[in-house]
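Down below is the structure, laid out as structure tokens.
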Amino acid sequence: MQDAIIAIDFGTSNSAAAMLDGGRIRRIPIEDGAETLPTAVFFPIRKGGMKIGAAAAEALIDGEEGRYMRALKSVLGTSLVHEERLIGGKRRTVASIVTEFLIELKSRAEAATGHRFTRVLSGRPVHFHTRNPDRDAQAEADLRGCYLAAGFTDVDFLVEPEAAALASHGLADAGLGLIVDIGGGTSDFSVFRSGADGVDILANHGIRLGGTDFDHAVSMAHAMPALGHGGTLKREMGTGLLPVPNAVYSDLATWARIPFLYVPETRRMAQDMAKLATDRTAMKRLVTVLDEELGHELAFAVERGKIAANGGDGGMIGMGFIEPGLKRPVTPETLDAALMSYRADLLDAARETLAMAGVTPDRIGSVVLVGGSSLMGLVSSAATELCPTAALKRSDAFTAVVDGLALGTARLAQPA
Ligand SMILES: Nc1ncnc2c1ncn2[C@@H]1O[C@H](COP(=O)(O)OP(=O)(O)OP(=O)(O)O)[C@@H](O)[C@H]1O
Ligand SMILES: [Mg+2]
């Protein structure tokens with residue numbers, strides 16, 4: 001008998017595993033009490049090994065000494081993947097960290113099912129990188145390398161929206177449908193035809209845009225000004241003011257780059273700026289965030305503010321861990337303003353997908369929303385604008401892709 005094939009949705013924000021068991025989807029519990037596991041790691045400095053998932057976030061929130069990392073998938077295909085850095089007291093690369101994450105995931109799945117998994121069907125976005133085929137191919141090669149290093153011997157990929165389309169059979173009405181999968185790192189689209197026998201894919205397309213980019217925009221517009229972003233510096237010599245440089249704020253607002261800011265040069269730069277800033281109070285908060293390594297707490301506060309503001313009444317970015325009482329509001333209006341250009345990008349990409357399939361928007365009967373960021377109001381409003389006559393359906397936001405990957409393993413299991 002052939003080994004069972006594990007389906008893994010290695011997501012920017014959340015990962016999940018499943019398999020086919022007697023022809024039915026069986027989600028594999030790789031995290032206590034949850035169907036998905038945050039794609040996050042924590043390396044304690046002193047004792048104990050790597051923690052992943054919710055335990056990694058708990059270690060961060062508890063203030064345990066060590067290095068927390070999230071959004072590792074967005075680094076695939078870039079030069080950062082194979083660069084060695086001192087992380088958690090040891091020299092590591094992002095590739096080695098993704099590998100360790102996959103080893104742990106594999107071992108949990110094996111413990112939960114009693115199977116030994118050597119074959120994997122992994123999801124991948126249609127494009128890890130927008131309009132950059134070389135980086136895209138490199139990103140898949142990087143991820144494949146990590147699976148191989150983690151002990152898998154057969155590694156296949158299925159694009160994530162196609163997996164979601166397989167899982168939506170029965171949810172979407174018969175006829176033409178559009179998958180809109182907006183996750184943490186990428187937005188992916190599939191045009192499919194649903195019939196009695198299953199689902200045919202007519203076109204796949206995607207762009208590198210997701211909830212982590214929304215977090216970035218929300219942070220730059222709402223949180224970073226409280227840390228001096230957009231302010232001015234006095235000149236060390238002479239008169240006149242200089243704008244505060246942007247890069248450190250942009251990195252601090254980018255989940256995957258936060259750990260790389262905690263180096264002496266960046267801390268020194270912030271201290272120098274604090275001496276020259278017109279708003280010294282704000283700039284000292286930047287110094288505090290870098291010195292006390294509060295970047296991830298800040299990113300979580302921003303993400304919570306984004307989700308609350310999307311809920312309708314407005315949210316608050318609480319930053320009391322930087323300075324008692326510090327907070328900034330996010331209203332539905334300021335959220336819209338921060339994300340407006342992204343809405344246009346999503347619409348363009350969805351339109352392009354329909355054009356690739358040779359289908360006009362009025363022929364789409366169902367738009368199926370998948371992925372955590374599809375819960376953003378701007379996504380459903382863009383979908384309705386594009387296909388006003390289609391029925392808007394919500395698949396299981398966080399598990400549709402892994403379910404579809406599990407269904408996809410059936411095709412691999414067929415003898416050639
Ligand atoms: N209720 C919500 N409203 C808006 N956004 C949300 C909500 N819940 C989660 N998100 C966002 O959804 C994103 C994570 O979604 P998901 O788990 O589908 O991504 P992923 O599959 O890990 O990423 P990708 O598929 O892009 O690699 C995060 O950016 C998170 O902030
Ligand atoms: Mg996803």
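The values are calculated or read from the model by the stated rules, or taken from the named source; none is laboratory data. Being a predicted model, the structure only gives us computed values, none of them experimental. Cβ placement follows ideal geometry from the backbone for every residue including glycine, while neighbour counts extend to all protein chains displayed.
Worth a mention:
The rows are residues; the columns are (1) more than 16 Å from ligand 2 (Cβ to nearest atom); (2) outside any helix (DSSP H, G or I); (3) modelled with pLDDT under 95; (4) charged (D, E, K, R).
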residue	(1), (2), (3), (4)
T281	yes, no, no, no
R285	yes, no, no, yes
T288	yes, no, no, no
E297	yes, no, no, yes
F300	yes, no, no, no
R304	yes, no, no, yes
I307	yes, no, no, no
F321	yes, yes, no, no
R328	yes, yes, no, yes
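- Which numbered condition A256 fails, given (1) touching a Leu at 6+ places or on another chain (Cβ under 8 Å); (2) surrounded by 14 or more Cβ atoms within 10 Å (Cβ to Cβ); (3) at pLDDT 95 or above; (4) not polar (S, T, N, Q): (3)
- Apart from one condition, V370 fits all of (1) in contact with a Ser or Thr (Cβ under 7 Å, 6 or more places away or on another chain); (2) among the hydrophobic types (A, V, I, L, M, F, W, C); (3) more than 16 Å from ligand 2 (Cβ to nearest atom); the exception is (3).
- Candidate set: region 224-247, residues that are assigned to a strand (DSSP E or B) and touching a residue at least 40 places away in the same chain (Cβ under 8 Å); chosen: the one nearest to V302 (Cα to Cα): T232
- Some residue of region 226-237 being away from ligand 2 (no atom under 16 Å from the Cβ), farther than 25 Å from G11 by Cβ, assigned by TED's automatic domain parsing to the domain that holds M273 and surrounded by 24 or more Cβ atoms within 10 Å (Cβ to Cβ): yes
- Wholly within region 130-219, strands (runs of 3 or more DSSP E) carrying at least 2 residues that are within 13 Å of ligand 2 (Cβ to nearest atom) and touching a Lys or Arg at 6+ places or on another chain (Cβ under 9 Å): 154-159
- Qualifying residue in region 155-163 (condition: under 26 Å from D32 (Cβ atoms) and either surrounded by fewer than 24 Cβ atoms within 10 Å (Cβ to Cβ) or of a type in the set (A, V, I, L, M, F, W, C) (or both)): yes
- Considering each residue of region 329-350 in turn, none proves to be in contact (Cβ under 8 Å) with a residue 60 or more places away in the chain and over 22 Å from F214 (Cα atoms).
- Conditions (1) at pLDDT 95 or above; (2) in contact with a Pro (Cβ under 9 Å, 6 or more places away or on another chain); number of the one not met by P38: (2)
- Pair list, Cβ under 6 Å, 6 or more apart: region 114-131 residue away from ligand 1 (no atom under 11 Å from the Cβ), other residue among the basic types (K, R) and modelled with pLDDT under 95: none
- Check on T353, more than 29 Å from T78 (Cβ to Cβ) and in contact with a His (Cβ under 7 Å, 6 or more places away or on another chain): no
- Residue within region 295-306 that is surrounded by 16 or more Cβ atoms within 10 Å (Cβ to Cβ), over 18 Å from the mean Cα position of the chain (by Cα) and closer than 12 Å to A223 by Cα present: no
- Considered as a group, the residues in region 380-407 that are crowded, with 22+ Cβ neighbours inside 10 Å and within 15 Å of ligand 2 (Cβ to nearest atom) include one that is farthest from the chain's Cα centre (by Cα), and that residue is A406.
- The residues listed here are A270, A256; of these, the one that is out of contact with any strand residue (DSSP E or B) (no Cβ under 8 Å at 6 or more places or on another chain), part of a helix (DSSP H, G or I) and outside the structural domain of A40 (by TED's automatic domain parsing) is A270.
- Of the criteria (1) at pLDDT below 95; (2) over 21 Å from the mean Cα position of the chain (by Cα); (3) assigned to a loop (DSSP other than H, G, I, E, B), which one R411 fails: (3)
- Looking only at region 379-408, and only at residues there that are assigned to a loop (DSSP other than H, G, I, E, B), more than 12 Å from ligand 1 (Cβ to nearest atom) and in contact (Cβ under 8 Å) with a residue 40 or more places away in the chain, the one that is farthest from G210 (Cα to Cα): A390
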